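Student: My structure is below; once you've seen it, I'll send some questions.
The values are calculated or read from the model by the stated rules, or taken from the named source; none is laboratory data. Here the structure is a predicted model, which is why all the values come from computation and not from measurement. When we count neighbours, we look across all protein chains shown, and the Cβ atoms used for this are built from the backbone with ideal geometry, even at glycine. Accessible surface areas use protein heavy atoms only, side chains included; no ligands, DNA or RNA. Shrake-Rupley method; radii C 1.70, N 1.55, O 1.52, S 1.80 Å.
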Amino acid sequence: MQRASLATRGRRLEYFTIAWNLIEGLVAVVAGAIAGSISLVGFGVDSFIEVTSGAVLLWRMNADADEHRRERIEQVSLRLVGGCFLVLAAYVGYEAVSSLVEKKAPEHSLPGIILACISLVVMPLLSRAKRRVGTGLNSRAMAADAKQTEFCTYLSAILLGGLLLNMAANVWWADPVAALVMVPIIAKEGLDGLQAKACCA
């Protein structure tokens, strides 16, 4: 009964993740495109990867009754999310280097700053809730998803730093440098996912 209750809670968390990150991703990508901010666009794409992660976790939970099938789905889930992260790392790295070489200065983005601040509050709470469910269900996929949500907190902090430096001090290179700081973190999560590691502390 407790497992069923945890599974229901897990599904609700994933539904919330999908809804939240669809909104967050759309706002970040649109604001980033308007401002020419690669870190903001990268953050938005990361939010869409969170949507993918939430969707595959729901898929995994729907197979919860069959242990062997659940194991297979967990492996596929981790690898799908890992592949998405690697694609994002390559994209952000390429765009950030291009911006630095071409000295493209992004515009200031107040919506981006507000979004990053909100994310810094929401993501740690969501990650903690997912970690509890993952531990209760003994689910590596849920644990990895909790870590991914926690990782979004780090991206929010990096994003906020770059946007604030750009706005407050007109440091044009802060945005692409912030994006480059994101790249190894994103790539590490991608490699862990492809190796089907449960990225939990």
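Student: Within the range 11-51, whose backbone N sits under 19 Å from a point 7 Å along Cα→Cβ of Arg132?
Tutor: 11-18
Student: Using the alpha-carbon atoms, what tilt in degrees (0 to 90, nearest 10) does helix 2-35 show relative to the longest principal axis of the chain?
Tutor: For helix 2-35, the angle is close to 20 degrees.
Student: Counting heavy atoms of the protein chains only and a 1.4 Å probe, report the per residue accessible area for the chain as a whole number of Å².
Tutor: 46
Student: Accessible area of Thr135, 1.4 Å probe, to the nearest 10 Å²?
Tutor: Spelled out: Thr135, probe radius 1.4 Å, area about 110 Å².
Student: How many angstrom lie between the Cα centre of the range 82-128 and the Cα centre of the range 140-166?
Tutor: 9
Student: What number, rounded to the nearest 500 deg cm²/dmol, is the helix-based mean residue ellipticity at 222 nm of the chain, given -39500 (n - 2.57) per DSSP H run of at least four residues and division by all its residues?
Tutor: About -31000 deg cm²/dmol.
Student: Next question. Report which label in (1) 134; (2) 156; (3) 89 holds the value of volume of the Cα convex hull per residue in Å³ derived from the coordinates of this structure.
Tutor: Checking each listed value against the structure points to (3).
Student: Picking from Thr149, Leu57, Asn166, whose Cα lies most toward the positive end of the charge dipole for the chain (charges on Cβ: Lys, Arg +1; Asp, Glu -1)?
Tutor: Leu57
Student: Using 0.36 nm per residue of separation minus the Cα-Cα distance, give me the extension gain between Ala168 and Ala55 in nm, one decimal.
Tutor: In short, 36.9 nm is gained.
Student: Which residues does a label at Leu110 reach in the range 166-193, if reach means a backbone N under 19 Å from a point 7 Å past the Cα toward the Cβ?
Tutor: 166-171
Student: Using θ = phi - 60° and the Karplus relation 6.51 cos²θ - 1.76 cosθ + 1.60, list the HN-Hα couplings for the range 42-48 in order, rounded to whole Hz, with x at every Gly or Pro.
Tutor: 3J(HN,Hα) across the range 42-48, in whole Hz: x, 4, x, 5, 4, 4, 5.
Student: At a 10 angstrom cut-off on C-beta neighbours, averaged per residue, how do the peptides 163-174, 94-105 rank from highest to lowest? Could you put the intermediate results ahead of the total?
Tutor: On the way: 163-174: 17.2, 94-105: 14.7.
Most protected by this proxy first, the peptides run 163-174, 94-105.
Student: At 1.4 Å probe size, with the rest of the protein present, what percent of the exposed accessible area of the range 25-161 is carbon and sulfur atoms?
Tutor: Working: 3760 of 5760 Å².
After summing per-atom areas, the C and S share lands at 65 percent.
Student: While we're looking at this one, here's another question. Give me the accessible area of Glu71, 1.4 Å probe, in Å² rounded to the nearest 10.
Tutor: Spelled out: Glu71, probe radius 1.4 Å, area about 80 Å².
Student: What is the sum of charges, Lys and Arg at +1 and Asp and Glu at -1, for the other residues whose Cβ falls under 14 Å from the Cβ of Ser37? Before the final figure, lay out the partial values.
Tutor: Numbers: positive: Lys104; negative: Asp46, Glu95, Glu107, Asp175.
Local charge sum for Ser37: -3.
Student: Over the alpha-carbon set of the range 125-201, divide Rg by the Kirkwood Rh and report the Rg/Rh ratio to two decimals.
Tutor: Value, to two decimals: 1.12.
Student: Using +1 on the beta carbon of Lys and Arg, -1 on that of Asp and Glu, and nothing else charged, what's the dipole of the chain about the Cα centre, debye to 20?
Tutor: 660
Student: Shifting gears a bit: Against the longest alpha carbon principal axis of the chain, how many degrees, from 0 to 90 and to the nearest 10, is the axis of helix 67-102 turned?
Tutor: That helix lies at roughly 0 degrees to the long axis.
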